[in-house]
Amino acid sequence: MLKKMTIVAITALVAGCTPPADRLAMPALQSQLQLQPRVNSALLRTVSLPTYAAVDEIAVETPAGLIGANQNVFWADDPQRAVTLVLTRNLSDILNIDVGPEPWPFVELADVAVDVRVAQMLAGADGTFRLAGQYYVGGDRIAYRNSTHRFAIAVPMPDLSLGSIAEAQARALLGLSEQIARTLAR
């Protein structure tokens with residue numbers, strides 16, 4: 001029993017001595033696009049990310065084509081939550097309507113729901129950040145017809161520094177926001 005308590009105490013001491021990891025936030029970017037949508041409100045479902053992109057570590061493709069992660073610096077927020085909130089904010093700004101994440105924060109139901117499923121969100125070894133997948137827009141067929149859309153966005157990076165990765169990811173998400181906004185304005 002004493003041996004177990006000693007091991008637990010040493011483990012706790014070592015864990016307490018480990019400095020917390022640094023955190024990196026995506027910069028907030030503004031779109032110059034202003035559109036008039038055919039709807040008054042939109043629900044953005046929680047964005048689905050691939051496993052490597054949904055963890056705190058910042059994923060980077062290695063020259064061998066593997067996905068590695070920086071163990072010393074983490075994203076400032078849960079990636080799924082951060083991506084969902086960035087898209088929500090961008091869509092609201094571009095469309096000038098009520099856009100909210102799940103759970104829907106408003107009293108009245110949304111006119112449409114947007115469901116984004118990301119298949120790739122990765123800083124490539126070739127210096128290009130790639131964001132690809134599909135999004136779905138569902139409505140009541142009066143305000144908006146149900147539709148499916150693919151996206152493949154590539155943003156060049158000057159280097160593979162963490163700042164370049166965060167900036168490129170923010171630009172890719174802004175590009176996706178503009179694509180979704182154009183869909184809602186058709």
Can you go through Ala53, Ala69, Ala59, Ala42 and tell me which one is within 24 Å of Trp104 (Cα to Cα) and open to solvent by less than 60 Å² (accessible area, probe 1.4 Å)?
Ala42
Flagged pairs (Cβ under 7 angstrom, 6 or more apart or on separate chains; first in the range 146-157, closer than 26 Å to Asp111 by Cβ; second open to solvent by 40 Å² or more (accessible area, probe 1.4 Å) and of a type outside the set (A, V, I, L, M)) are Thr148/Gln134; Thr148/Tyr136; His149/Gln134; Arg150/Gln134; Phe151/Gln179
Search the range 84-106 for residues that are among the hydrophobic types (A, V, I, L, M, F, W, C) and pair each with any residue that is loosely packed, with under 15 Cβ neighbours inside 10 Å when their beta-carbon atoms are under 7 Å apart and the residues are at least 6 apart or on different chains.
Ile94/Gln34; Ile97/Asn40
Restricting attention to the range 128-166, which residues are small (Gly, Ala, Ser), crowded, with 17+ Cβ neighbours inside 10 Å and outside any strand (DSSP E or B)?
Ser164, Ala166
With the range 64-127 as the region, which strands (runs of 3 or more DSSP E) entirely inside it contain at least 1 residues that are of a type in the set (D, E, K, R)?
98-101, 112-123
So, in the range 90-127, exactly how many residues are buried (at least 18 other Cβ atoms within 10 Å of the Cβ) and within 13 Å of the chain's Cα centre (by Cα)?
5
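The values are calculated or read from the model by the stated rules, or taken from the named source; none is laboratory data. Bear in mind that the values here come from a model prediction, so they are computed numbers and not experimental data. We place every Cβ from the backbone using ideal geometry, glycine too, and count neighbours over all the protein chains shown. Heavy atoms of the whole protein, side chains included, go into the accessibility calculation; ligands, DNA and RNA do not. Shrake-Rupley method; radii C 1.70, N 1.55, O 1.52, S 1.80 Å.
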